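Here's the structure we're looking at; comments come further down.
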Amino acid sequence: MTASPAPHWSAHLPPGVEADLGSGGTLPGAWTARWASEPGAQVIATTAGRIVTAAELEQLTAAAAGRYAAAGLAPGDRIIMSAGPSVELVVAYLAALRYGLTVVPANTAYTAVELANLAADAHPVLAVLDDPGRAPDLPVTTPDLAGLPRPQATPLDRVESADPALIVYTSGTTGRPKGAVLSHANLLASAHAVRLAWRWTPEDRLALALPLFHIHGLGVGLHGTLVAGASLLLVPRFEPAAIATAVEDGATMFFGVPTMYHRLATSPHLDGLRPLRLAVSGSAPLPAELHDAVRERTGQRILERYGMTETVMLVSNPYDGPRRPGTVGLPLPGVSVRLAPGEGGVSEIEVTGPNVFGGYLDRPAATAEAFTADGWFRTGDLGVLDDDGYLLIKGRAKELIITGGYNVYPREVEETLRLHPAVGDVAVAGVPSTEWGETVVAYVVPADAVDTATLEDDLTQWCAGLLAPYKRPRVWRWIDMVPRNALGKVLRHELP
Ligand code: MCA
Ligand code: AMP
C-alpha cells in the first residue's frame, strides 16, 4: 500500500494557517455568519446586471423557506431540483438547505423517463423544474416557487452537521440509479478545503458557467463562494465570449471542465483568461498539451484538481508551488489518499476524510462494496504517485465514459439499446475525442439482416425518447459479435 507522504496538506495552506474544516457547523451556519457580518456585500451578479447583496439573499431565502413551510413540506423531506442557473434557482436551493430539506439535483437534459427513475428511488415530495411538464407524477413548481403558497414564518438554520444536504445520483450501471448522500459536514469540509487551498477571499468574483446540478458547479462553485464570503457572476450558458466578458466585468476566478478550456483555446477569446487570478479545471483529465498551450498563449497556469460526487474535492495542484500538467496534485486539507496494492505500479485510488460521504441511499450492499474493510472509499480511478507525492490519474477500474464532463455509464446505454427489437447484441464504449475527452460509440450486432442506415435512424430515435442527449451514441458501428469473456463480460478494449 502506498500512501501519499504526509504532511501534504501544508502544501495547500498559507503559512501559519490551521484548517478548521467544520467552521460554521453546517452550510447555512457558515453562509449566514458571512451574510450577517457584511450585509451590504454583493453575493450574486447576473449577466443581465442584477445584483443580490448578502442582506437581500438572507431575506429572499427566508421568504422562500417560508413557502416550503406553507406548502406543508417538513425538514428532512427531499426535493428534486432540475433547472438552468438563475438567481431564483440559487435562492430556492439555499432556502431548501436553510429549512432543512434534502436536495436531489438532476440534470436538465434528463428525459421524463430518467427523471421518473430518479424520483422512484429518492421519493421526493416536490420537484423544482424549469419545465414542470417533465415530472407529470410529482408536485412541481418553477424555481421562483410561484406555485407554492405565500410564505409563512418558520424556524431556519436548525440542521445539524450530520444531516443530509444533498443526494446526488451518480450511476445507472445496475439499472437503478444510486444516490450518494452528502451531509452538511461533508460539503462544508470540502468548501473550506478549497477556500483555503485556492486562497479564495471576499474580494474574489467567480465566473460560474457550470450547471448547478453537479458537485462541480454546486458544491465547489456555489458553496465555495458562499463559504468564502465572495461573489459570483452567473453565466447562464457557457460560451468563450461570455467568459471573456465576465472577466472584463471583474471576474477573478473561472472553473471549467476540459471541454470548456478546449473551446476557449480554439476561439478568439482565449486571451480573456489572462487577467484571472485563478483558472481551475476538473471533472475529467485536462490534457497536458492543452494546459501548456493555454499557458504559452495567456500566461494562465490552469490549476487542475480531482474530485468525485461521493467525496466532493480530493486532490489539487497547489496555488503556491508547481502546478504540474498531467497530474492532479496533492491531497487537499483533511483528505488522505493511498493506492491499493496493484500490479505494474498503477492501482486503485482510495481516500478518506471528513468530505467523504457516508453511503448510498437505501443501498447497504453498494455502500459496503464502495468502502474497504478499514473504511477507505474506493474511487474506481487508477493512479500513481510521483516522487513528490503528486497524483497522476492513469485510468479507471469502473466502467464509465466522461464526455464534456458528464458521466455516461455504458451499461445504461446498452440496456436501453437492447430493448429495441432490431438489436441482437450491443456494447457501448468511449473513444478519445479532442473536444469532448471521450465520445460515446455504440457497437451493434443487428438482430436480422437490415439496412444499417435505416437502423441507425431507428436507434437514434429510440435513444432520443429514453436518454439525455449527452448519453446518446454519436457514432454507430455494425459488428458480427460482441467480444466477451467466459463470464459474459464485455471486453471493451477488444472492440474495433
Ligand atoms: C452537450 N452535449 C453533449 C454534452 N453537452 N454531448 C456530449 N457530452 C456533453 N457533455 C450535446 C448537446 O445536447 C448537443 O446535442 C450537442 O452536444 C452540442 O451541444 P453544445 O451546445 O455544443 O453543448 P453545450 O450546451 O455548449 O454544452 C457543452 C458543455 C456542457 C458546456 C461543455 O457539456 C457542460 O456544461 N459540461 C459540464 C458538466 C459538469 O459540470 N460536470 C461536472 C460533473 P445535439 O447536437 O444532439 O443537440 S463531475 C463532478 O461534479 C465531479 C465532482 C468533479 O470532479 O467535478
Ligand atoms: P462524478 O462521479 O460525476 O463525480 O465524476 C467523478 C469522476 O470524474 C472521477 O471518479 C474521475 O474519474 C473523474 N475526474 C474528476 N476530476 C478529474 C481529473 N482532474 N482528472 C481525471 N479524472 C477526473
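The numbers here are math on the coordinates, done by the rules we state, and not lab data. Computed from a prediction, not measured in an experiment: that's the story for all the values here. When we count neighbours, we look across all protein chains shown, and the Cβ atoms used for this are built from the backbone with ideal geometry, even at glycine.
Points to keep in mind about this one:
- A straight Cα-to-Cα reach below 16 Å connects K398 with the aspartates and glutamates E310, E348, E350, E369, D381, E412, E414, E438, residues fewer than 8 places away in its own chain not being considered.
- Between segment 60-128 and segment 425-470, the Cα center-to-center distance that results, in Å: 33 Å
- Given in Å, the Rg to one decimal and the Dmax to the nearest whole number for the Cα atoms of segment 1-124 are 18.7, 54.
- Here the gap between L491 and E38, fully extended at 0.36 nm per residue and compared with their Cα-Cα distance, gives a gain of 157.4 nm.
- Per residue, the Cα convex hull of segment 47-108 amounts to 79 Å³.
- Cα-based radius of gyration of segment 94-140 once divided by 2.2 N^0.38 Å, which approximates compact folds: 1.12
- Using the Cβ-Cβ distance between Q461 and E160 with R0 set to 51 Å, the FRET efficiency works out to roughly 0.55.
- Calculated on alpha-carbon atoms, Rg and Dmax of segment 42-187 in Å: 15.0, 45
- Per-selection metrics, segment 185-344 (Cα): Rg and Dmax in Å: 15.0, 50
- Rounded to the nearest 20, the size of the Cβ-charge dipole of the chain about its Cα centre is 460 debye, with Lys and Arg at +1 and Asp and Glu at -1.
- DSSP-assigned coil residues among trypsin sites (Lys or Arg not before Pro) in segment 24-94, each with at most 11 further Cβ atoms within 10 Å: R50
- In this simple spin-label approximation, R301 and V113 carry label points 7 Å from Cα along the Cα→Cβ vector, and these lie 4.9 nm apart.
- Signed unit charges on C-beta, dipole axis of the chain, positive-most listed residue P432, V90, P105: V90
- Solvent-free Debye scattering, log10 I(q)/I(0), computed from the Cα coordinates of segment 326-408 at q = 0.15, 0.16, 0.21, 0.22 Å⁻¹: -0.61, -0.70, -1.15, -1.22
- Extension gain from D20 to A146, taking 0.36 nm per residue of separation minus the Cα-Cα distance: 41.5 nm
- Database remark: amide H of L232 closer than 5 angstrom to the amide H of I44, A45, L206 (H placed geometrically; neighbours at sequence offset of 5 or more, or on other chains; Pro and chain starts carry no H).
- Working note: Cα gyration tensor of segment 286-368, eigenvalues times five, square-rooted, sorted largest first, giving semi-axes of 30, 15, 12 Å.
- Eigenvalues of the alpha-carbon gyration tensor of the chain, scaled by 5 and square-rooted, set the equivalent ellipsoid semi-axes at 34, 29, 23 angstrom, largest first.
- Pairs of Cα atoms nearer than 8 Å and 6+ residues apart set the relative contact order; for the chain it is 14 percent.
- Additional length obtainable on full extension of the chain from A55 to E435, 0.36 nm per residue less Cα span: 132.6 nm
- When the convex hull of its Cα atoms is viewed from all sides, segment 372-480 shows a mean projected area of 9.6 nm².
- Taking packing as the residue-averaged number of other Cβ atoms within 10 angstrom, the listed peptides 156-164, 439-447, 323-331 run from highest to lowest as 323-331, 439-447, 156-164.
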